[in-house]
Amino acid sequence: MLKSAKAALSALVLGALVAAPAVAESFGLGRLATPEEIAAWDIDVRPDGQGLPEGHGTVTEGEVIYQERCSSCHGEFGEGSGRWPVLAGGRDSLATEDPVKTIGSYWPYLSTVFDYVHRAMPFGDAQSLTPDETYGVVAYLLYLNDIVEDEDFELSKDNFTSVRLPNEARFIEDARPDMPSVSQVEPCMTNCKSDVKITARARIIDVTPDEENAGGSID
């Protein structure tokens, strides 16, 4: 009798939980974000132009901003200062032993350039550029990479998606969902490769400091 009553009570409680409407658990901390606060964080830009803000900027306007806010790290012509990233040049270098990955040689989408500049640059003062200033800087970076040739070229939300970067076609969709995962691949336990051949050295791929005697290579 006791066992039957316990089972009936369990069924009753379960039925009540299923029938009850879902209520978000609250811990009494904080508050809901306002639409304005969400909009301030929602600044990502996609390759199809979704997320681009209204605005425009010319190559000439962007050059002024770039020289004032960007050149101390990236060089006056995008060549990089010290060990800061190079932004221009490197075309046709990806298949060499010393590839130079820049906006013109490697990056696939202009939206990545705009998103990164708008979100994270200048270093130490991120998100201080207005949309117009960002459009101008990106236009100047296109000019430095010979993707546009007219100094009067104006980049805006309206013509943004018409600009294609040279290396876009060499990027392919990730097929890994159709491939077996690492955990599904049986590891080699017998008759495995017995020798290891070094194909590159740290100094060649530029991960070793340039200081004298900072380190050696493996032969």
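Being in a helix (DSSP H, G or I), of a type in the set (D, E, K, R), surrounded by 10 or more Cβ atoms within 10 Å (Cβ to Cβ) and at pLDDT 95 or above: is that true of Asp115 here? Give the derivation first.
Numbers: in a helix (DSSP H, G or I): yes; of a type in the set (D, E, K, R): yes; surrounded by 10 or more Cβ atoms within 10 Å (Cβ to Cβ): yes; at pLDDT 95 or above: yes.
Taking the combined requirement at face value, the residue satisfies it.
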Inset, instruction - Out of Ala88, Ala7, report the one residue that is closer than 16 Å to Leu144 by Cα and either outside any loop (DSSP other than H, G, I, E, B) or at pLDDT 90 or above (or both). - result: Ala88
Inset, instruction - Check Gly62 against each of (1) more than 26 Å from Ala169 (Cα to Cα); (2) free of Cβ contacts under 8 Å to residues at least 40 places away in the same chain; (3) of a type outside the set (Asp, Glu); (4) surrounded by 10 or more Cβ atoms within 10 Å (Cβ to Cβ) and name the one condition it does not meet. - result: (2)
Legend entry - Those residues of the stretch 133-159 which are within 21 Å of the chain's Cα centre (by Cα) and part of a helix (DSSP H, G or I), in sequence order: Glu133, Thr134, Tyr135, Gly136, Val137, Val138, Ala139, Tyr140, Leu141, Leu142, Leu144
Legend entry - Residue under evaluation Phe123, criteria (1) farther than 17 Å from Gly51 by Cβ; (2) in contact with a strand residue (DSSP E or B) (Cβ under 6 Å, 6 or more places away or on another chain), criterion not met: (2)
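Matching residues to (1) at positive phi; (2) of a type in the set (Asp, Glu); (3) touching a helix residue (DSSP H, G or I) at 6+ places or on another chain (Cβ under 7 Å):
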residue: Arg119; (1), (2), (3): no, no, no
residue: Asp125; (1), (2), (3): no, yes, no
residue: Thr130; (1), (2), (3): no, no, no
residue: Tyr140; (1), (2), (3): no, no, yes
residue: Phe153; (1), (2), (3): no, no, yes
residue: Ser156; (1), (2), (3): no, no, yes
residue: Ser162; (1), (2), (3): no, no, no
residue: Ile172; (1), (2), (3): no, no, no
residue: Ala175; (1), (2), (3): no, no, no
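Could you pull out the residue among Gly89, Gly136 that is small (Gly, Ala, Ser) and either within 25 Å of Ala40 (Cβ to Cβ) or touching a residue at least 60 places away in the same chain (Cβ under 8 Å) (or both)?
Numbers: Gly89 fails: either within 25 Å of Ala40 (Cβ to Cβ) or touching a residue at least 60 places away in the same chain (Cβ under 8 Å) (or both).
None of the others qualify; the one that does is Gly136.
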Inset, instruction - Search the stretch 35-51 for residues that are closer than 21 Å to Ser128 by Cα and pair each with any residue that is at pLDDT 95 or above and not in a loop (DSSP other than H, G, I, E, B) when their beta-carbon atoms are under 7 Å apart and the residues are at least 6 apart or on different chains. - result: Ile43/His118; Ile43/Arg119; Asp44/Asp115; Val45/Ser111; Val45/Phe114; Val45/Asp115; Arg46/Ser111
Legend entry - Boolean, Val59 is more than 16 Å from Phe114 (Cβ to Cβ) and modelled with pLDDT of 95 or more: no
Inset, instruction - May I ask you to say which residue of Phe171, Phe160 is at pLDDT 95 or above and under 24 Å from Asp44 (Cα atoms)? - result: Phe160
Legend entry - Single condition Glu37 does not satisfy, out of (1) touching a strand residue (DSSP E or B) at 6+ places or on another chain (Cβ under 9 Å); (2) more than 27 Å from Ser162 (Cα to Cα); (3) not hydrophobic (A, V, I, L, M, F, W, C): (1)
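The values are calculated or read from the model by the stated rules, or taken from the named source; none is laboratory data. What you are looking at is a predicted structure, and each value in this text was computed from that prediction instead of being measured. Every residue, glycine as well, gets a Cβ built from its backbone with ideal geometry; the counts of neighbours run over all protein chains shown.
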